[in-house]
Amino acid sequence: MVYYSGGATAVGLVYSTGAVLAADRRVTYGPYIMSRAVKKVAKITDRIGIACAGFPSDFQKLLQYFKFNFTLYEQEAGIPLSVYGSAKLLSTLMYSRRLIPFLTELIVAGVDEGGAPKLYSLDAVGSVLEDKYAAIGTGTELALAVLEKGFRENMSREEAIRLAEDAMRVAIARDVLSGDGIDFLILDEKAAEEKFIKLR
Amino acid sequence: MLELRSDKASTLLESKTTTVGLVYSDGVVLASDRRASRGMLVSSKVARKTIRISDDVYATISGLVADAQFLTQLAAAVAGYELYENKHRLSPREVAVYLSHRLFYARPFLYITHLIIAGFSEDGSPQLLNVDLLGMVSEEKYLSTGSGSLLAFSILEKGYTPELTEEQAIKLAVDAVKAAISRDTGTGDGIDVTVITRKGIRTLRFTVKGELVEERES
């Protein structure tokens, strides 16, 4: 029996006061488009968001586990969990399944209270790398080419959203496994904003 | 038969890496490049491969990033616990032997990683230890791990003497990683140097050409 992957592309970048996450909505079984409506960015709180690429079953289940543990931590400790804390919690959940991994990659981004925006990318077994911008999924190379050229430190919110959109549009144009729409999650110190662009 | 296929999503993050460690007259120098790769894609240009285990013990990592991060952060937690609970500072050898147990008894599911552990031994002399994926521990005067280690070794073999000064040791370590950067595609994007001395920790960052861009002391 063969399980095909859900191909996908997701990007993330930090700007002067926050972070932008974006992901497509397509799910494929091999060359066949199974769904055009799967959301791959998740708002955890007003400060923290996650973008996923990989098997939808796996990242959806992983997010359920994560949300449970995130809430449990905040309730028990009585303090908010930082962006790095969230990435590390996800890493622990993923590494605990080292031999039968969650087949998904993640970008975790957000802003800690009074802190600088942070972005971390995680592979399927939970390595955590901090960066200023990242792309994951089957369109990684395409999206990264745009981010690599367009990224600057301390961009404005509008510039950051435009760059994320450009990167996603290039990936969608040339990667058959990505497409159908772009979900955005824009996080800054004040509030998270969600946005969707339909592409079909 | 069950087959899991996930195209590029299954390619895991590796640090093909070149890391270097060497003992000089009164300390240890660790150097590592900053590239993390996923197959032939450079997936990070700012990856940190020198990791703090305790105030005076540091490690360099190579191999599967998740495994290496897991093991070094576990060692850091154990070192922190020992200090808190028993007021005992773990020596580099104790850290290395602890990790070697974890690695050996993980068989047949190996942690895909090769570590260098550095610091000061109980008798106060600088110490450099090699921990491989099967659980071997060996003490060395100079060492290199990762895909570019052969290139780095060629520079170390030629330039290493136990009488090096701190600045000479830093230069040799940087030159060794530079040699690897020039011919190994898994290595690149800058050089992190950590110097462990009796006075404290000195961290430096160099460009791929060996120019100093950042220096910090703690």
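The values are calculated or read from the model by the stated rules, or taken from the named source; none is laboratory data. Everything numeric here is computed off the predicted structure, so don't read it as measured data. Don't worry about glycine lacking a Cβ; one is built from the backbone with ideal geometry, like all the others, and counts go over all protein chains shown. Ligands, DNA and RNA are stripped out before the accessible areas are found, and what is left, the full protein with its side chains, is counted by its heavy atoms. Shrake-Rupley method; radii C 1.70, N 1.55, O 1.52, S 1.80 Å.
Would you pick out the residues in the stretch A:117-133 that are on the phi < 0 side of the Ramachandran plot and either free of Cβ contacts under 8 Å to residues at least 60 places away in the same chain or facing chain B (nearest Cβ under 10 Å) (or both)?
The initial filter retains those residues of the stretch A:117-133 that are on the phi < 0 side of the Ramachandran plot, namely A:117-125, A:127-133.
Those that are on the phi < 0 side of the Ramachandran plot and either free of Cβ contacts under 8 Å to residues at least 60 places away in the same chain or facing chain B (nearest Cβ under 10 Å) (or both): A:TYR120, A:SER121, A:LEU122, A:ASP123, A:ALA124, A:VAL125, A:SER127, A:VAL128, A:LEU129, A:GLU130, A:ASP131, A:LYS132.
Residues that are surrounded by fewer than 20 Cβ atoms within 10 Å (Cβ to Cβ) and among the basic types (Lys, Arg): does the stretch A:114-125 have at least one? I'd like the intermediate steps shown before the answer.
Here is the first cut: in the stretch A:114-125, the ones surrounded by fewer than 20 Cβ atoms within 10 Å (Cβ to Cβ) are A:114-116.
Retained after the next criterion (residues that are among the basic types (Lys, Arg)): none.
No - not one qualifying residue is present in the stretch A:114-125.
Return yes or no: is B:THR165 farther than 23 Å from B:LEU71 by Cβ, in contact with a strand residue (DSSP E or B) (Cβ under 8 Å, 6 or more places away or on another chain), β-branched (Val, Ile, Thr) and surrounded by fewer than 24 Cβ atoms within 10 Å (Cβ to Cβ)?
Values: farther than 23 Å from B:LEU71 by Cβ: yes; in contact with a strand residue (DSSP E or B) (Cβ under 8 Å, 6 or more places away or on another chain): yes; β-branched (Val, Ile, Thr): yes; surrounded by fewer than 24 Cβ atoms within 10 Å (Cβ to Cβ): yes.
Against the criterion (farther than 23 Å from B:LEU71 by Cβ, in contact with a strand residue (DSSP E or B) (Cβ under 8 Å, 6 or more places away or on another chain), β-branched (Val, Ile, Thr) and surrounded by fewer than 24 Cβ atoms within 10 Å (Cβ to Cβ)), B:THR165 qualifies.
With the requirement that a residue be touching a residue at least 60 places away in the same chain (Cβ under 8 Å), within 11 Å of chain A (Cβ to nearest Cβ) and farther than 19 Å from A:LEU90 by Cβ, what does the stretch B:36-62 give you?
B:MET40, B:VAL42, B:LYS45, B:VAL46, B:LYS49
For the condition more than 14 Å from chain A (Cβ to nearest Cβ), touching a Phe, Trp or Tyr at 6+ places or on another chain (Cβ under 9 Å) and more than 15 Å from B:LEU143 (Cβ to Cβ), what is the one hit in B:VAL95, B:VAL20, B:VAL28, B:VAL78?
Working: B:VAL95 fails: touching a Phe, Trp or Tyr at 6+ places or on another chain (Cβ under 9 Å); B:VAL20 fails: more than 15 Å from B:LEU143 (Cβ to Cβ); B:VAL28 fails: more than 15 Å from B:LEU143 (Cβ to Cβ).
The conditions single out B:VAL78.
Could you please let me know if B:LYS158 is modelled with pLDDT of 95 or more and out of contact with any strand residue (DSSP E or B) (no Cβ under 7 Å at 6 or more places or on another chain)?
On the way: modelled with pLDDT of 95 or more: yes; out of contact with any strand residue (DSSP E or B) (no Cβ under 7 Å at 6 or more places or on another chain): yes.
So B:LYS158 fits the description; yes.
Can you pull out the residues in the stretch B:147-179 that are within 15 Å of the chain's Cα centre (by Cα) and either of a type in the set (Asp, Glu) or in a helix (DSSP H, G or I) (or both)?
Just the residues of the stretch B:147-179 that are within 15 Å of the chain's Cα centre (by Cα), to begin with: B:147-149, B:152-153, B:170, B:173-174, B:176-177.
If the condition is that a residue be within 15 Å of the chain's Cα centre (by Cα) and either of a type in the set (Asp, Glu) or in a helix (DSSP H, G or I) (or both), then B:SER149, B:ALA152, B:PHE153, B:ILE170, B:ALA173, B:VAL174, B:ALA176, B:VAL177 are the ones that fit.
Looking at the stretch B:193-218, which of its residues are closer than 16 Å to B:ALA118 by Cβ and of a type in the set (D, E, K, R)?
Within the stretch B:193-218, B:ARG198, B:LYS199, B:ARG202 meet the criteria.
Identify, please: which residue in the stretch A:150-183 is over 15 Å from the mean Cα position of the chain (by Cα) and among the β-branched types (Val, Ile, Thr) and is, among those, nearest to the other protein chains (Cβ to nearest Cβ)?
Filtering first and then ranking leaves A:VAL176.
Please go through the stretch A:85-101 and give me each residue that is in contact with a strand residue (DSSP E or B) (Cβ under 8 Å, 6 or more places away or on another chain) and more than 12 Å from chain B (Cβ to nearest Cβ), ordered by number. Show your work before the answer.
Taking the stretch A:85-101 first, the residues in contact with a strand residue (DSSP E or B) (Cβ under 8 Å, 6 or more places away or on another chain) are A:86-88, A:90-91, A:94.
A:SER86, the sole residue that qualifies.
Looking for whichever is open to solvent by 10 Å² or more (accessible area, probe 1.4 Å) and modelled with pLDDT of 95 or more here; the options are A:LEU89, A:LEU62, A:LEU147. Which one fits?
On the way: A:LEU62 fails: open to solvent by 10 Å² or more (accessible area, probe 1.4 Å); A:LEU147 fails: open to solvent by 10 Å² or more (accessible area, probe 1.4 Å).
When all the criteria are applied, what remains is A:LEU89.
How many residues, within the stretch B:120-138, are touching a residue at least 60 places away in the same chain (Cβ under 8 Å) and under 15 Å from B:LEU22 (Cα atoms)?
Residues that pass the stated criteria total 4.
Among the residues of the stretch B:161-218, write down those that are free of Cβ contacts under 8 Å to residues at least 40 places away in the same chain and of a type in the set (Lys, Arg).
B:LYS171, B:LYS178, B:ARG183, B:LYS199, B:ARG202, B:ARG205, B:LYS209, B:ARG216
Against the definition (farther than 24 Å from B:LEU129 by Cβ, open to solvent by 70 Å² or more (accessible area, probe 1.4 Å) and at pLDDT 95 or above), how does B:VAL208 come out, yes or no? It would help to see each step written out before you state the result.
Working: farther than 24 Å from B:LEU129 by Cβ: yes; open to solvent by 70 Å² or more (accessible area, probe 1.4 Å): no; at pLDDT 95 or above: yes.
Spelling it out, it is not the case that B:VAL208 is farther than 24 Å from B:LEU129 by Cβ, open to solvent by 70 Å² or more (accessible area, probe 1.4 Å) and at pLDDT 95 or above.
Under 27 Å from B:THR207 (Cβ atoms) and surrounded by fewer than 22 Cβ atoms within 10 Å (Cβ to Cβ): does that describe B:LEU172? Step through it out loud before you land on a result.
Details: under 27 Å from B:THR207 (Cβ atoms): yes; surrounded by fewer than 22 Cβ atoms within 10 Å (Cβ to Cβ): no.
No: the conditions fail for B:LEU172.
Which one of these is crowded, with 21+ Cβ neighbours inside 10 Å and either within 19 Å of A:LEU93 (Cβ to Cβ) or of a type in the set (Gly, Ala, Ser) (or both): A:ALA37, A:ALA53?
Numbers: A:ALA37 fails: crowded, with 21+ Cβ neighbours inside 10 Å.
From the options A:ALA37, A:ALA53, the qualifying one is A:ALA53.
Taking the options A:ILE107, A:ILE136, name whichever one is touching a Gly at 6+ places or on another chain (Cβ under 6 Å) and either within 11 Å of chain B (Cβ to nearest Cβ) or of a type outside the set (D, E, K, R) (or both). Spell out the reasoning first.
Working: A:ILE136 fails: touching a Gly at 6+ places or on another chain (Cβ under 6 Å).
A:ILE107 is the lone residue from the list that is touching a Gly at 6+ places or on another chain (Cβ under 6 Å) and either within 11 Å of chain B (Cβ to nearest Cβ) or of a type outside the set (D, E, K, R) (or both).
Can you pull out the strands (runs of 3 or more DSSP E) entirely within the stretch B:29-134 that have at least 2 residues that are surrounded by fewer than 23 Cβ atoms within 10 Å (Cβ to Cβ)?
On the way: elements: B:36-38, B:41-44, B:50-54, B:57-60, B:115-120, B:126-131.
In the stretch B:29-134, B:36-38, B:41-44, B:50-54, B:126-131 are the strands (runs of 3 or more DSSP E) which contain 2 or more residues that are surrounded by fewer than 23 Cβ atoms within 10 Å (Cβ to Cβ).
Across the stretch A:184-200, what is the total count of residues that are in contact (Cβ under 8 Å) with a residue 40 or more places away in the chain and under 15 Å from the mean Cα position of the chain (by Cα)?
Number satisfying all stated conditions: 6.
Which residues, taken from the stretch B:180-193, are open to solvent by 10 Å² or more (accessible area, probe 1.4 Å) and in a strand (DSSP E or B)? Show your work before the answer.
First pass over the stretch B:180-193, keeping only residues open to solvent by 10 Å² or more (accessible area, probe 1.4 Å): B:181-185, B:189, B:192.
The answer is B:ASP192, and nothing else.
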